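Asker: The structure's right below; bear with me while I get my questions together.
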Amino acid sequence: MRVTQQAARKQDVSIVLCGQAGQGVQTVEHLLTRILKAAGYHVFATKEYMSRVRGGANSTTIRVCSKRVAAPISRMDILVPLNKGTVAHVAERLSPETVLVGEREVVADEAAESHRLLVVPFTQIASDIGGKIYSNVVAVGAIAGLLGLDPEAVVAYVRRFFAKKSEDIVANNVKAVQAGYDAVGKLDLPDGLKLTFKPSAKVADEMLLSGAEAVGLGAIAGGCNFVSSYPMSPSTNVLTFLAQHGLEQGVLVEQAEDEIAAINMAIGAAYAGARALVTTSGGGFALMTEGVSLAGMLECPVVIHLAQRPGPATGLPTRTEQADLELALYAGHGEFPRILFAPGTLEQAFYLTQRAFNLADKYQIPAFVLTDEYLIDSYYNCKGFDLSKAKVDRHIVKTAPDYRRYKLTKNGISPRGIPGYGEGLVAVDSDEHDEEGHITEDLNVRVAMVDKRLAKGESLKKDIVRPELIGPKNYKKLVICWGSTYHVVREALAELGRTDTAMLHYSQVYPLHSSTAGLIRKARRTVVVEGNATGQFRKLIRLYAGADVDEALVTYDGLGFTVEDVVEGLTEIFS
Amino acid sequence: MATDVFEMGDIDIAWCPGCGNHPILKTLKEALAELQIDPRQLVMVSGIGQAAKIPHYLKCHFFNGLHGRALPPATAIKAVNPKLTVIAESGDGDMYGEGGNHFIHCIRRNPDITNIVHDNMVYGLTKGQASPTSRRGFKTPVQVAGVILEPFNPLAVAIALDASFVARASSGDREQTKEIFKKAIRHKGYALVDIFQPCVTFNKLNTYQWFKDHVYYLDDSHDPADRMAAFAKATETDRLPLGVFYVNPKNSFEENTQMYRDDPRPLCERDVDAAKLAALIDTFRRAG
């Protein structure tokens, strides 16, 4: 092994767990990531899984690092297959340096012949303790041993995790994790796996959460108190999170009979004065598009969390893609303004979801939070959220007897009343309407109302989030990305170490910030990195900023980019 | 309360002269006035169609939404502010056709709203095609050989789903209809009033005379608490019963959500509980 690789490993170890659905990958992942974070290590985890409840092959990649880390990599330092036959599932990612840990008949898989094996009989050890059920915890202990974690801290965590179970179960789990830890201690371990850097107490105190949880917390912080949705992967995790905390946080969460009902309920709730959210994906959102148009016409605020997955139609239900940008941009018949946020980090997922509620209310429009399976299902430690930067701005007025819901104003924003608050009547209509909200076919009124709605689209331009420029200010090459690819592009550029190249990340993809054309024209070479086949954001930039981006690095295999993919792709483009 | 409070004055009404919608509008205003409902506490929710224009013709708050989609927003409006009286009103095509799925699940959900459905067995606004309640054999420019589908039976469906309140009225009889409306609006929970209404322009089969010849009122011998009897009455086709078929008191959707268990304030009057949110955020620091 080369010294440089070894040095790199000391700073950054990747552990891949793979197994059949329902066979414990999640338990091992859950325990291990929490143990690592609680011990003070930076940790990141992302998974890929099949659309099935049992069988198949799923994998989770966990990175432990001396620095903050939040991007997926292909490299596997440690591979822990939990079921026979599952090594083949990740065979393309094996390298001569990969260490395989597990049962003899599982690790000695054909695909792993040339790789280093550490045989740990998880099941045998577990059976000796009290049952096969403990084998996942034995595996946790074995990995903790490989990494050289403090055994007392590991045991303490396991004890805490199972605290609500019976004494027997707690004792057996403690025995299991200890036995796994001890089992690897007896083996001749390869160099470079043990974590040699110091953990940090500050990291131990950070949050560890997923993209779905960040979106959910952002919604609550945004004043969301009504959620109506229909379950659909990968958006369901946001629905589940809000449902679990709904009663305690004052959020009414209702599973609608279909997505059409979901968005129409949300719009009704907003009309009555609630802050409403729908969370959906792919075909579910396609069903909502008439409702999006209704929100545009009624000028009713609604926040739409759209967690993208590969289409068309049912596509790949549990995989990731960034291919619904154009769908979200153009969803709904007719012309009306909207806002599209696309968070790239957990912080952005929180603050932009929060902001979406404020801006939807301010401009009385649909506001989108565009995520994807990758962002929703991945998690890592982050410093936390500052609630003083997440104030709820309400834009509701008490109505007077002569109140007119669609009063014509210069900026297009009519003061918004709600029924039962004030002396006026609040009338809204999906037909073209007059200032009072009554049906009209007066075509002069029609023109005035179109102008009014579109004027809001101009007014909201002062609230556009500026794209984040990372790297040298006097760049010659510019790598543009949006949404969930923030960290993967950032880490790839750090690895490439080019002093002439900067990254430009958009967390608001529509409307585009006015700096866009200037930032792009400043570069000699530009490339968009995005997770769809046709370069949708590149097209959007051309259309709305009038700037051409030279190249596009795209992916649409359902797995999204790894750091290696981006390094390789950009190297080729810039060579 | 006088019906004046609901009057819109001299407005242009888009319904044909002689349309059954006119007496329904007048009767509804009378029922609301007799119930002392303040227009500022009343929200009418409708979809699309001739009947769905009704909110424009009486003074109240209204949400005239999409075709077939009156029930989801009506449910949400009541859930967000239970102080409001919410009436979802549209035609048979809107409620039973385009909105059929919402009709089914709204009954299961049981929000405290009144659902008035103008049932003229034909599509008016799109000029004379079959509706879900059109009788078999009814000829239209689209159903050229006559309707070949079984008519939808909204009352039987509602009773099968154990709806909270199920009634049928006829626009021709304003006095009885007013009493049925009042009972439905007063009822706590989802209340369906299917109301027969002739379409003088597009339905030459189910005319004022046809309805007169084909309906009768349920008498005192019918027990609205008896679900099986109500179902039997709902499936009669020779002569069609009118009146309150079934009443089944139960908790409303708003009550079942538990959102008002400890706090009577409407959702629209509540703010984020910063302490509770901070506590939730904090749980992510303590790995659990």
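The values are calculated or read from the model by the stated rules, or taken from the named source; none is laboratory data. Just so we're clear, the structure is a prediction, and the values are computed from it rather than from any experiment. We place every Cβ from the backbone using ideal geometry, glycine too, and count neighbours over all the protein chains shown. These accessible areas exclude ligands, DNA and RNA; they are computed on the full protein's heavy atoms, side chains included. Shrake-Rupley method; radii C 1.70, N 1.55, O 1.52, S 1.80 Å.
Asker: Given the structure, is residue B:33 assigned to a helix (DSSP H, G or I), crowded, with 22+ Cβ neighbours inside 10 Å and hydrophobic (A, V, I, L, M, F, W, C)?
Answerer: no
Asker: Among the residues of the range B:79-123, which ones are in a helix (DSSP H, G or I), over 14 Å from the mean Cα position of the chain (by Cα) and within 20 Å of residue B:62 (Cβ to Cβ)?
Answerer: B:79, B:80, B:98
Asker: Look through A:105, A:97, A:92 and report the one residue that is assigned to a loop (DSSP other than H, G, I, E, B) and open to solvent by 40 Å² or more (accessible area, probe 1.4 Å).
Answerer: A:97
Asker: Here are some residues: B:180, B:159, B:185. Which one is modelled with pLDDT of 95 or more, within 14 Å of the chain's Cα centre (by Cα) and within 26 Å of residue B:228 (Cβ to Cβ)?
Answerer: B:180
Asker: If you scan the range A:158-192, which residues turn out to be under 19 Å from residue A:13 (Cβ atoms) and under 29 Å from the mean Cα position of the chain (by Cα)?
Answerer: The answer is none; no residue qualifies.
Asker: In the range B:235-263, which residues are loosely packed, with under 15 Cβ neighbours inside 10 Å, over 18 Å from residue A:224 (Cα atoms) and either within 14 Å of another protein chain (Cβ to nearest Cβ) or not acidic (Asp, Glu) (or both)?
Answerer: Hits for the range B:235-263 are B:235, B:237, B:239, B:249, B:250, B:251, B:256, B:261, B:262.
Asker: Against the condition touching a residue at least 12 places away in the same chain (Cβ under 8 Å) and away from chain B (no Cβ under 14 Å), how does residue A:365 come out, does it pass?
Answerer: Values: touching a residue at least 12 places away in the same chain (Cβ under 8 Å): yes; away from chain B (no Cβ under 14 Å): yes.
When the stated conditions are applied, residue A:365 passes them.
Conditions (1) more than 9 Å from every other protein chain (Cβ to nearest Cβ); (2) within 22 Å of residue B:94 (Cβ to Cβ); (3) small (Gly, Ala, Ser), marked per residue:
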site	(1), (2), (3)
B:3	yes, no, no
B:19	yes, yes, no
B:41	no, no, no
B:52	yes, yes, yes
B:82	yes, no, no
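Asker: In contact (Cβ under 8 Å) with a residue 60 or more places away in the chain, closer than 21 Å to residue A:446 by Cα and of a type in the set (Lys, Arg): which single residue out of A:416, A:404, A:394 fits that description?
Answerer: Answer to the selection: A:416.
Asker: Can you work out which of the residues in the range A:1-16 that are modelled with pLDDT under 95 and either touching a Ser or Thr at 6+ places or on another chain (Cβ under 6 Å) or basic (Lys, Arg) (or both) is most open to solvent (accessible area, probe 1.4 Å)?
Answerer: A:2
Asker: So residue B:94 passes all but one of these: (1) within 10 Å of another protein chain (Cβ to nearest Cβ); (2) within 24 Å of residue A:262 (Cβ to Cβ); (3) open to solvent by less than 40 Å² (accessible area, probe 1.4 Å). Which condition number does it fail?
Answerer: Unmet for residue B:94, out of (1) within 10 Å of another protein chain (Cβ to nearest Cβ); (2) within 24 Å of residue A:262 (Cβ to Cβ); (3) open to solvent by less than 40 Å² (accessible area, probe 1.4 Å): (1).
Asker: Could you check the range A:408-423 and list, in sequence order, the residues that are charged (D, E, K, R) and either surrounded by fewer than 13 Cβ atoms within 10 Å (Cβ to Cβ) or at the interface with another protein chain (Cβ under 9 Å from one of its Cβ atoms) (or both)?
Answerer: A:410, A:423 - these are the residues of the range A:408-423 that are charged (D, E, K, R) and either surrounded by fewer than 13 Cβ atoms within 10 Å (Cβ to Cβ) or at the interface with another protein chain (Cβ under 9 Å from one of its Cβ atoms) (or both).
Asker: Hey, any hits in the range A:222-238 for a residue that's open to solvent by less than 30 Å² (accessible area, probe 1.4 Å), away from chain B (no Cβ under 14 Å), part of a helix (DSSP H, G or I) and more than 24 Å from residue A:137 (Cα to Cα)? Full working, then the answer.
Answerer: As a first pass, look at the range A:222-238 and keep what is open to solvent by less than 30 Å² (accessible area, probe 1.4 Å): A:222-229, A:234-235, A:238.
From what's left, away from chain B (no Cβ under 14 Å): A:234-235, A:238.
Keeping just the survivors that are part of a helix (DSSP H, G or I) gives A:238.
Among the residues that remain, those that are also more than 24 Å from residue A:137 (Cα to Cα) are: A:238.
For the range A:222-238, residues open to solvent by less than 30 Å² (accessible area, probe 1.4 Å), away from chain B (no Cβ under 14 Å), part of a helix (DSSP H, G or I) and more than 24 Å from residue A:137 (Cα to Cα): present.
Asker: I'd like to check which helices (runs of 4 or more DSSP H) are fully inside the range A:425-528 and have at least 1 residues that are open to solvent by less than 10 Å² (accessible area, probe 1.4 Å) and either farther than 26 Å from residue A:330 by Cβ or within 14 Å of chain B (Cβ to nearest Cβ) (or both).
Answerer: Values: elements: A:443-459, A:486-496, A:516-521.
Filter on the range A:425-528 gives A:486-496.
Asker: Hey, another quick one. Please list, ordered by first then second residue, the pairs with beta carbon atoms under 6 Å, 6 or more apart or interchain, first in the range B:54-79 and within 18 Å of residue A:255 (Cβ to Cβ) and more than 7 Å from chain A (Cβ to nearest Cβ), second open to solvent by less than 10 Å² (accessible area, probe 1.4 Å) and in a loop (DSSP other than H, G, I, E, B).
Answerer: That search, which allows pairs on different chains as well, returns B:78/B:111; B:78/B:113.
Asker: Something else: Do we have any residue at all in the range B:102-123 that's under 30 Å from residue A:421 (Cβ atoms) and in contact with a Gly (Cβ under 6 Å, 6 or more places away or on another chain)?
Answerer: yes
Asker: Condition first: more than 20 Å from the chain's Cα centre (by Cα) and in a loop (DSSP other than H, G, I, E, B). Now tell me which residues in the range A:48-66 satisfy that.
Answerer: A:52, A:53, A:54, A:66
Asker: Can you tell me which residue in the range A:239-277 is surrounded by the most Cβ atoms within 10 Å (Cβ to Cβ), limited to those that are free of Cβ contacts under 8 Å to residues at least 12 places away in the same chain and facing chain B (nearest Cβ under 8 Å)?
Answerer: Among them, the one singled out is A:268.
Asker: Out of all the residues in the range A:538-560, which are out of contact with any helix residue (DSSP H, G or I) (no Cβ under 6 Å at 6 or more places or on another chain), part of a helix (DSSP H, G or I) and in contact (Cβ under 8 Å) with a residue 12 or more places away in the chain?
Answerer: Selection gives A:538, A:539, A:540, A:541, A:544.
Asker: Just one of B:225, B:232, B:278 is within 14 Å of another protein chain (Cβ to nearest Cβ), out of contact with any strand residue (DSSP E or B) (no Cβ under 6 Å at 6 or more places or on another chain) and at pLDDT 95 or above; which is it? Please lay out each step first, then the result.
Answerer: Working: B:225 fails: within 14 Å of another protein chain (Cβ to nearest Cβ); B:232 fails: within 14 Å of another protein chain (Cβ to nearest Cβ).
Result: B:278 is the single residue among B:225, B:232, B:278 that is within 14 Å of another protein chain (Cβ to nearest Cβ), out of contact with any strand residue (DSSP E or B) (no Cβ under 6 Å at 6 or more places or on another chain) and at pLDDT 95 or above.
Asker: Kindly provide the set of residues from the range A:472-513 that are under 25 Å from residue A:339 (Cβ atoms) and polar (S, T, N, Q), ordered by number.
Answerer: A:484, A:485, A:507, A:508, listed by residue number.
Asker: Can you tell which of A:217, A:187 is crowded, with 22+ Cβ neighbours inside 10 Å, in contact (Cβ under 8 Å) with a residue 60 or more places away in the chain and either within 11 Å of chain B (Cβ to nearest Cβ) or out of contact with any His (no Cβ under 6 Å at 6 or more places or on another chain) (or both)?
Answerer: Within the list A:217, A:187, the selection yields A:217.
Asker: Also, quick follow-up: Taking the residues in the range A:113-140 that are polar (S, T, N, Q) and assigned to a helix (DSSP H, G or I) as candidates, determine which candidate is nearest to the chain's Cα centre (by Cα).
Answerer: If we take residues in the range A:113-140 being polar (S, T, N, Q) and assigned to a helix (DSSP H, G or I), then A:136 is nearest to the chain's Cα centre (by Cα).
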